[in-house]
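The values are calculated or read from the model by the stated rules, or taken from the named source; none is laboratory data. In this text, all values refer to a predicted model and were calculated from it rather than measured experimentally. Cβ coordinates were reconstructed from backbone atoms using ideal geometry, including for glycine residues, and neighbour counts include every protein chain displayed. Accessible surface is based on the protein model in full, side chains and every heavy atom, while ligands, DNA and RNA are left aside. Shrake-Rupley method; radii C 1.70, N 1.55, O 1.52, S 1.80 Å.
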Amino acid sequence: MIDRACISINNRCNLCCSYCHFRAPGKLPHLAEADMDVHAVLDNITRHVDKYGITGFKLGFVGNGEPLLDFGALKDYISHIGAYLADGRICAYTITNGTLVTAEMLVFFREHGVSMGLSVDGLPEIHDKYRCGTHGRVMAAAELYREINGHYPSMNCTAGRDVLERADETIAFFEPFGSRVTFSRMIGEGGITQEEFRGFLGKAEKRLNVRRGGYDCTMYGGLCGAGISNIFYANGRVYLCGNCVDLPAVSDALAPLDSIAPAIPQFDRSRCFRELSGL
């Protein structure tokens, strides 16, 4: 049963990170802005939650772009499901590159119980190499978050060849924050294999609170949930995941969630469906 979804509320970003797979030549033609009634999507999700008595439906306002570029719309979407957030039927989060964070945003997220994660690739020289020289601004956002919430935010780090070569230093960078860290495997140029990634995660989780997840995504160290537990909304359509936006959509965005049943073959879910399919 579908119990998690991501909604890409835009296809725009104020950065151009060199490893961003959404900006790869094969995906760019699929990222043109298109209308999507996010309120209707949210109503679809709440009907699904009500119908099946789901508690803790995971909902991410993340996707092809930087969500805080459209903070006004994001506020509206979060308020739209406020009752579900308040009683825990939906657990919402967003992930930001950290360059647009303000106190107003952080207070709003706190008041509505929405988690916010920061993308930071550990050591300044590695982060700045790939993420447009923004390390200082992101860490300033982390400090602002701590001032408002009393603790540091969760952090998301993309692990590629550079991180593996300085694994101990990268792990040591995150230790003082005491936050949960989600490592994602870099793909493409500078990327690493799943075996290398799992080896790094095994080392990191001895010293850090590392998120792996269940049937979610192998890029985070979990199992591939393609077609069974999670879906990705973008441009008015539903996709297997964010890495599959250049593949055919599996449904229209307004279809009931329990009608979304992609016909995909059985496969080893410790592997990425997209990579195994060769598409």
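For the stretch 167-208, which GluC sites (Glu not before Pro) pass both filters: DSSP loop (anything but H, G, I, E, B) and at most 11 other C-beta atoms within 10 Å? Hits after loop and neighbour filter: GLU189. Given a Förster distance of 41 Å, report the FRET efficiency between SER259 and LYS75 from their Cβ-Cβ distance, rounded to the nearest 0.05. That gives a FRET efficiency of 0.85. With just the Cα atoms defining each centre, how far is the stretch 206-279 from the stretch 150-166? Give it in Å. For the stretch 206-279 versus the stretch 150-166, the Cα centre distance is 23 Å. Each Lys or Arg adds one and each Asp or Glu takes one away; over the other residues whose Cβ falls under 9 Å from the Cβ of ALA226, this sums to +2. Within the accessible area of the chain, the carbon and sulfur atoms contribute 52%, probe 1.4 Å, all protein chains present.
Each Lys or Arg adds one and each Asp or Glu takes one away; over the other residues whose Cβ falls under 13 Å from the Cβ of SER154, this sums to +3. If you sort HIS21, HIS48 by accessible surface, 1.4 Å probe, largest first, the order is HIS21, HIS48. Within the stretch 206-262, antiparallel bridges make up roughly 60 percent of the DSSP beta bridges whose residues both belong there. Within a Cβ distance under 11 Å of LEU276, other residues only, what is the Lys/Arg minus Asp/Glu net charge? Its environment carries a net charge of +1. Ordered from highest to lowest accessible area with the whole protein assembly present and a 1.4 Å probe, THR55, THR99, THR170 read as THR55, THR99, THR170. Evaluating 6.51 cos²θ - 1.76 cosθ + 1.60 at θ = phi - 60° for every residue in the stretch 179-188, the Karplus couplings come out as 9, 6, 10, 9, 8, 10, 6, 6, 10, x Hz, glycine and proline recorded as x. The largest accessible area among SER115, SER270 belongs to the first residue in SER115, SER270, and the rest follow in falling order (1.4 Å probe, all chains). Between the residues GLY236, GLY213, ALA263, the greatest Cα displacement towards the positive end of the dipole of the stretch 172-269, with unit charges on the Cβ of Lys, Arg, Asp and Glu, is found for GLY213.
Rolling a 1.4 angstrom probe over the protein heavy atoms with all chains in place gives the chain an accessible area of 43 Å² per residue. For LYS75, the lysines whose Cα falls under 26 Å of its own Cα, not counting residues fewer than eight places away in the same chain, are LYS51, LYS58. Placing unit charges on each Cβ (+1 for Lys and Arg, -1 for Asp and Glu) gives the chain a dipole about its Cα centre, and among PHE200, ALA140, LEU69 the Cα reaching farthest toward its positive end belongs to PHE200.
Between LYS51 and ALA86, the simple label model (points 7 Å from Cα in the Cβ direction) yields a spacing of 2.6 nm.
When DSSP beta bridges are restricted to pairs lying wholly in the chain, around 15% turn out antiparallel. Helix-only arithmetic for the chain: the sum of -39500 (n - 2.57) across DSSP H runs with n ≥ 4, divided by the residue total, places the mean residue ellipticity at 222 nm at -9000 deg cm²/dmol. What is the stretch 41-150 by shape, rounded, prolate or oblate, if you read a ≥ b ≥ c off the alpha carbon gyration tensor as root eigenvalues and call it rounded for a/c under 1.5, prolate for a/b larger than b/c, and oblate otherwise? Prolate is the answer for the stretch 41-150, as a/c is 1.5 or above and a/b outweighs b/c. For the chain, a crude dipole built from +1 on the beta carbon of Lys and Arg and -1 on the beta carbon of Asp and Glu, taken about the Cα centre, is about 480 debye to the nearest 20.
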